[in-house]
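Every read-out reported here was derived from the displayed coordinates using simple, explicitly stated rules and does not represent laboratory data. Model, not experiment: these values are computed from the prediction. Cβ sites come from the backbone with ideal geometry, for glycine too, and all protein chains shown count toward neighbours.
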Amino acid sequence: MGKYFGTDGFRGEANVTLTAKHAFKIGRYLGWYFNQNHLDKPGSHARIVIGKDTRRSSYMLEYALAAGITSSGADAYLLHVTTTPSVAYITKADSFDCGIMISASHNPFCDNGIKLINDQGEKMDDETIAKVESFLDGRAGIPPYATGADIGETVDYISGRNRYMGYLISLGLYSFKGKRIALDCANGSSWNIAPAVFNALGAKTYVINAEPNGININNNAGSTHIEGLQRFVVENKLDAGFAYDGDADRCLCVDENGDVVDGDKIMYIYARYRKERGKLRDNEVVATVMSNLGLFKALDELGIGYAKTAVGDKNVYDYMAAHHNTVGGEQSGHIIFSKYASTGDGILTSLKMMEVMLATKKSLAELAAPVKIYPQVLENVRVTDKRIVMNAPLVKQAVERAEAALDGNGRMLVRESGTEPLIRVMAEAADTETCRKCIKIVTDAIDSCGFRA
């Protein structure tokens, strides 16, 4: 990870750690950088497409980015409020030099982020990000300002968002007519896209948390607060519910009984569906070290292999791209269907779950039943310095003691958050009480060293 850009972009509190000045400078550098590919084409400018979520600060950052891009002589195309996967899709489909998404995903509204996407719709490479960081820190040359006719244009590009919606609708293999479906849009990017897609496919759609006001994104809503959707599905006797996060690159499901179908179960359901039809070409699912043991045991029963990557959908995608996998993702709901998208896409995930339900004529509860989840407890510890904690001998010894206490009947995972000053301590065991005891061994060690913020 760099100084500014972590595993999922440059993220921080708006106008505190991520300011309009940062956005302007990022736009200015990217405009100049990608214009270098157009120097041999007189009158040609680099084209950079920008999307944003519903946070109040997203508008400020959008205008600052566009100002930086155009001041360097590149053109800025504005998708306006849209999802992260839509920016990835349009960047590649419409041959943009670069894509930018303004979002802090599942974080509270006071935070925001800038995610960079390459011309293939993938997360930007580390080398380019390092160059952007050098410019932010004043360690790179200063790009000249464009003048006259070389100044870039700002273009309204809402048609790109509409084209992405058309693409999603085209992936619906079955009519949703007769299905009663709840959508929790987290007052975020999916608030008008997801209902439009489900309505177009014929579902009777019940929508909650789709009234964004700039400060209510993710507020007791969406995939990180799924209990509201669980109640809604049960109270209204619906067939299923789908919850997205703020920028809709993840999705969690709720079955007809109100139980959560998380990313692990989603991967199992789709991998089994593909294998039974002879279409799981690689016969492998790509998960992360956070996935539950229950997923791996269920895949073993089917004879499906699996790989485990470090946490982060970029790590999952990189592995999938290198090994030509088709199904992968995270427990949190970042699911990648590489045949259809280059990033996690929450709305696409919900469409794929609908496809399996309709093709098999089974409910979500029936489809998820073979995955027996081991209890998992996660505690986030806010610390003063993540790297010092991870390298502290007393903390390492505590982790070893906790693992010994599990005696092979579970596991411990202690890692740094990629986006926040947190150490994530996770235990997985046969019962919740054992998980809590093992977590306490580690958190007590962090406290005894004085690392807690």
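Side notes on the structure shown:
- Cα convex hull of the chain - mean projected area over all directions, nm²: 21.8
- Spatially, segment 68-96 and segment 264-343 are offset by 29 Å when compared through their Cα centroids.
- Separation in nanometres of the label points that stand 7 Å from Cα toward Cβ, at ALA93 and GLU420: 3.3
- For segment 183-312, Kirkwood radius (reciprocal of mean inverse C-alpha pair distance, Å): 15.9
- Net charge dipole size for segment 211-294 [Lys, Arg +1 and Asp, Glu -1 on Cβ; Debye, nearest 20]: 460
- Computed lengthening from SER363 to LEU39, 0.36 nm per intervening residue step minus Cα-Cα distance: 111.0 nm
- For the chain, size of Cβ-based charge dipole, Lys and Arg +1, Asp and Glu -1, in debye: 440
- Chain lengthening between ASN192 and ARG163 when straightened (0.36 nm per residue, less Cα-Cα): 9.0 nm
- From the C-alpha gyration tensor of segment 292-390, square roots of 5λ in Å: 27, 19, 15
- Value in Å of the Kirkwood radius, where segment 239-289 supplies the Cα pairs that are averaged: 12.4
- Kirkwood's formula applied to the C-alpha pairs of segment 208-253 gives a hydrodynamic radius of 10.9 angstrom.
- Over segment 362-450, the Kirkwood radius and the radius of gyration, each from Cα atoms, give a ratio Rg/Rh of 1.08.
- Its relative contact order, with pairs defined as Cα atoms under 8 Å and 6+ residues apart, puts segment 5-161 at 30 percent.
- The H on the amide N of VAL261, modeled in the peptide plane, is under 5 Å from the matching H of CYS253, VAL254, ASP255, each at least 5 residues off or on a different chain.
- Taking amide hydrogens as placed 1.01 Å from N in the peptide plane, the amide H of ASP75 sits under 5 Å from those of ALA46, ARG47, ILE48, GLU153, each at least 5 positions away in sequence or on another chain.
- Cβ-Cβ FRET estimate between TYR59 and LYS204, R0 fixed at 41 Å, reported to 0.05: 0.75
- Peptides 232-241, 378-387, 423-432, 97-106 ordered by average Cβ neighbours within 10 Å, highest first: 97-106, 423-432, 232-241, 378-387
- Segment 1-64 and segment 207-224: distance between their alpha carbon centers, rounded to Å: 25
- Comparing THR54, ALA130, ILE102 along the charge dipole axis of segment 5-161, the residue lying farthest to the positive side is THR54, per the Cβ-charge model.
- Ranked by the mean number of other Cβ atoms within 10 Å of their residues, highest first, the peptides 29-39, 45-55, 118-128 fall in the order 45-55, 29-39, 118-128.
- Placing pseudo-labels 7 Å out from each Cα toward the beta carbon at ALA392 and LYS279 gives an inter-label distance of 5.0 nm.
- Size of electric dipole in segment 376-448: Cβ of Lys, Arg +1 and of Asp, Glu -1, about Cα centre, debye, nearest 20: 180
- Options GLY27, ASN292, MET390, ranked by Cα towards positive dipole end of the chain, top entry (Cβ charges): ASN292
- Compactness index (Cα Rg / 2.2 N^0.38 Å), segment 5-161: 0.94
- Relative contact order for the chain, counting Cα pairs under 8 Å that sit 6 or more residues apart, in percent: 12
- Where both bridge residues fall in segment 5-161, DSSP classifies roughly 40% of the beta bridges as antiparallel.
- In terms of packing, defined here as the mean over residues of other Cβ atoms within 10 angstrom, the peptides 130-137, 220-227 line up highest first as 220-227, 130-137.
- DSSP-assigned coil residues among chymotrypsin sites (Phe, Trp or Tyr not before Pro) in segment 277-329, each with at most 12 further Cβ atoms within 10 Å: none
- Between ASP125 and LEU413, residue separation times 0.36 nm minus the direct Cα-Cα distance comes to 101.0 nm.
- Label-to-label distance, nm, for residues given as ALA404 and LYS297 (7 Å Cα→Cβ offset): 2.6
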